[in-house]
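One structure is given here, and the rest of the page talks about it.
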Amino acid sequence: MKKIFTLIVLAGLVTFKANAQDGGDAISQLFKGSPGDVNKLLNAYTSPLLKGFGNGLNGGWTNTAKTQKFLRFAIRVSASGSLVPEADKSFDVNSLGLANIKATNSSQSVAATFGGNKDLKTSVTYTDPNNPLAKVSTTLPGGVSSIVPAPQLQLTVGLIKNTDVTLRVIPTFQISDKVGSVGMFGVGLKHNIAQDFGTASNIIPFDLAVAVGYTHLSYELPLDVRKNDNVAIPGQSLKGDFSGWNAQVILSKKLLFFTPFVSVGYLTSSTDVGLKGTFPFVTGATVTGNPTYTNYNDPITLNGSGVSTSGARADVGFQMSLFFLKIYGSYSFAEYQSFNAGIGLGF
């Protein structure tokens, strides 16, 4: 279980932290200003990671309009990968409205986001608001991955009247000190409309269903942001809540052991991530280029439209049934396009 979630559930966040530690801890390189400036930088950098992760939670609910028969059930594990669009792979440092941070070279102010070019590392300069001659320069982190993963582990049980219910439940547990802890809960309902037409349903050549699903994932990651004296400050962490709603109309047709499907719907996701604990910020500098610090408690919150998604969604994919074994695959068209693949058992 732990290996699955290390590789699938938290791959994006873990890689983000690992990348940040390369080259002198790139995350702490963002702590070169007031909490307001750092908040804007973190929002700009992590936006595609958080939006992609929230988008991925909405995928993988179903690959067929056909519902489970009464008290029959299916178990599946799958993963979605959200593709960061080109527009979200970079941002302009000088357009963020930062108070005391500017691109060191005004003609080279474009920086990478999490989903951008890993080799694009833009130099920025912090200027002490009380002494324009006192400056500290640093480099913003490059990109990590243009594909943001998200997990789906779920149980579907057939109810009465061509309806089934899907549950996603993962009790919160700690994977490791470096990876952090994760927990998930979700519930979805699907109803096969085609079966509501009595005897006429026998001649309808396809299954047609409506479905709705909700997923919530909580995450906590220990952090280690230090001053230049390299003394650890205990109790630092990143805590996040990812929530997603998805409504779909699904059409599928079983062809022996192969069932292709298409669906259209609407999705919405919200993300609320914050830094918890005491963090040192560079809020001053000497004329020799040495930083001075101020500690802040629970300083940063990443949420709002910059890290949330909503809009129309269309999916195309298949379900392959080989006795009890089922194989799934689909591709989604939305603001963040995504793919989903998984395997399961149905009884």
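The values are calculated or read from the model by the stated rules, or taken from the named source; none is laboratory data. In this text, all values refer to a predicted model and were calculated from it rather than measured experimentally. Every residue, glycine among them, receives a Cβ derived from its backbone with ideal geometry; neighbour counts consider all protein chains shown.
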Legend entry - Hey, Ser82 crowded, with 16+ Cβ neighbours inside 10 Å, in contact with a Gly (Cβ under 6 Å, 6 or more places away or on another chain), farther than 25 Å from Ala312 by Cβ and among the polar types (S, T, N, Q) or not: no
Legend entry - Options Tyr296, Tyr214; residue that is out of contact with any helix residue (DSSP H, G or I) (no Cβ under 7 Å at 6 or more places or on another chain) and aromatic (Phe, Trp, Tyr): Tyr214
Inset, instruction - Inspect all residues belonging to segment 188-206 and state whether any of them is within 27 Å of Tyr331 (Cβ to Cβ), in contact (Cβ under 8 Å) with a residue 40 or more places away in the chain and surrounded by fewer than 18 Cβ atoms within 10 Å (Cβ to Cβ). - result: yes
Legend entry - Those strands (runs of 3 or more DSSP E) lying entirely in segment 46-140 with at least 3 residues under 27 Å from Tyr328 (Cβ atoms) and at pLDDT below 90: 73-83
Legend entry - Single condition Phe31 does not satisfy, out of (1) modelled with pLDDT under 80; (2) among the hydrophobic types (A, V, I, L, M, F, W, C); (3) not in a loop (DSSP other than H, G, I, E, B): (3)
Legend entry - Index of the failed condition, Asp229 passing every other in (1) surrounded by fewer than 17 Cβ atoms within 10 Å (Cβ to Cβ); (2) in contact (Cβ under 8 Å) with a residue 40 or more places away in the chain: (2)
Inset, instruction - Starting from residues that are modelled with pLDDT of 90 or more and under 24 Å from the mean Cα position of the chain (by Cα), keep the ones in segment 148-175 and report whichever is farthest from Phe242 (Cα to Cα). - result: Thr156
Legend entry - Identity of the residue in segment 268-293, of a type in the set (A, V, I, L, M, F, W, C) and in contact with a helix residue (DSSP H, G or I) (Cβ under 7 Å, 6 or more places away or on another chain), that ends up farthest from Asn63 (Cα to Cα): Phe281
Legend entry - Failed item in (1) of a type outside the set (Gly, Ala, Ser); (2) within 26 Å of Val225 (Cα to Cα); (3) modelled with pLDDT under 90, with Thr309 passing the rest: (2)
Inset, instruction - Keeping to segment 307-347, report how many residues are surrounded by fewer than 16 Cβ atoms within 10 Å (Cβ to Cβ), among the aromatic types (Phe, Trp, Tyr) and within 30 Å of Glu86 (Cβ to Cβ). - result: 2
Inset, instruction - Take the residues in segment 315-347 that are touching a Ser or Thr at 6+ places or on another chain (Cβ under 9 Å) and without any contact (Cβ under 8 Å) to a residue 60 or more places away in the chain, then tell me which one is farthest from Leu267 (Cα to Cα). - result: Ile327
Inset, instruction - State whether one or more residues within segment 288-300 are part of a strand (DSSP E or B), touching a Leu at 6+ places or on another chain (Cβ under 8 Å) and buried (at least 18 other Cβ atoms within 10 Å of the Cβ). - result: no
